[in-house]
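What follows draws every value from the coordinates through simple rules; no lab data is involved. Being a predicted model, the structure only gives us computed values, none of them experimental. As a convention, Cβ positions derive from the backbone with ideal geometry for all residues, glycine included, and neighbour counts pool all protein chains shown.
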Amino acid sequence: MTHEEALERLVCQGPVPLEALSHVESCAPCREELRALGKTEKALRRARPVLSAPSRKGTVLALESLPALARRRAWPAAAAAILLAGLLGGWSLGRLAPASAATTAPPQEMALSEIPWAPSGDDSTLSLLQAAYPVAERFSAVTATDTGNFIEAE
Amino acid sequence: MAEARNQWLEQIKAGELGAVQKLLDEFTGPVRRYLEGMVHNPAQAEDLAQEALVRFLEHLGQFRQEASLRTYLFQIAHNLALNHLSAAPTRKEEYGSEEPLWAEDRRPGVLALLAADEEAGKVHLALRRLAPQQRAVVILRTWEELSFKEIAQVLGLAEGTAKAHYFFALRNLRKYMEAKDDP
């Protein structure tokens, strides 16, 4: 075993082969170097800088990277929620479509044609709205000149 | 123990602030100290430490559970330090030499100037003269108290190579520290 091999095994701890030990025991320069390396190691440990408190800048930067992390993690959940909403929407539309047929309609529901004030043949949004709110329809029919008469009449 | 650590990791992955804060409290200091020893510039070490932590959080998905959290973080920090040091020769105009910064710049750095005593100053100056790989092994071993197995993981070396680096680093340090005593 060479001087270096023996010293390396002794310096790096762990299981030390007897061969290395016996070499160092019988080799004065190796013993001297081993002592010196031990002193260097101790000096290194003593020179370890003392830790200061973590800076706020670091914390802020790290926390700033979190939303991106959360966004990435939120993607599958968001996709699942959209899919679920789509499926539920489709399912409820599927339920509504047969409900408009007179045969399966529950008693509280009524076909559009059965509503006496419902517009016939015109299914535009405005006419549907006016059908739903007949009072509004009456007001919308009041013209500027009529307004005076209306107030007068009241 | 392992269960608690896994739970902590999951909380970090979920972005729970408390868990992330605990991570920062535990690792920011050691990572910054390691980088300070490597680059010898507290401001750059601070920036690199922050970058290491941000990269760690960004690449948390790639973290393998069998590696220790500390080892993984030091691995990121070490790669950043090497990138930083390899860019050093491009700053030769600043220092007037074509040698790498770690090899030629022996002026006392802030760390050395602020060192509590003369011995610590000598150690820091001698550390600067070590090759990055040897410096990394010495710092991880004596300051961060990593095992040779962990050091080997951080540096991507065989355990025996890490031990050899440590031994030769100690020898070189001794030589450099003694040389400083010479008139």
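Things worth noting here:
- Computed from point charges on the beta carbon alone (+1 for Lys and Arg, -1 for Asp and Glu), the dipole magnitude for segment B:124-177 about its Cα centre is near 360 Debye.
- DSSP-assigned coil residues among GluC sites (Glu not before Pro) in segment B:1-38, each with at most 12 further Cβ atoms within 10 Å: none
- Pairs beyond 31 Å (Cα-Cα), from A:Lys39/B:Lys22; B:Lys22/B:Lys149; A:Lys39/B:Lys149: A:Lys39/B:Lys22
- FRET efficiency estimate (nearest 0.05) - Cβ-Cβ, B:His59 to B:Gln7, R0 22 angstrom: 0.65
- Estimated from the Cβ-Cβ distance and a Förster radius of 22 angstrom, the FRET efficiency linking A:Lys39 and A:Glu19 is about 0.30.
- Difference of contour (0.36 nm per residue) and Cα-Cα distance, B:Glu119 to B:Lys22: 31.5 nm
- Applying both filters, DSSP loop and at most 12 other Cβ atoms within 10 Å, to the GluC sites (Glu not before Pro) of segment B:116-183 gives B:Glu145.
- Take each residue of peptide B:8-19, count the partner chain Cβ atoms within 10 Å of its Cβ, and average: the result is 2.
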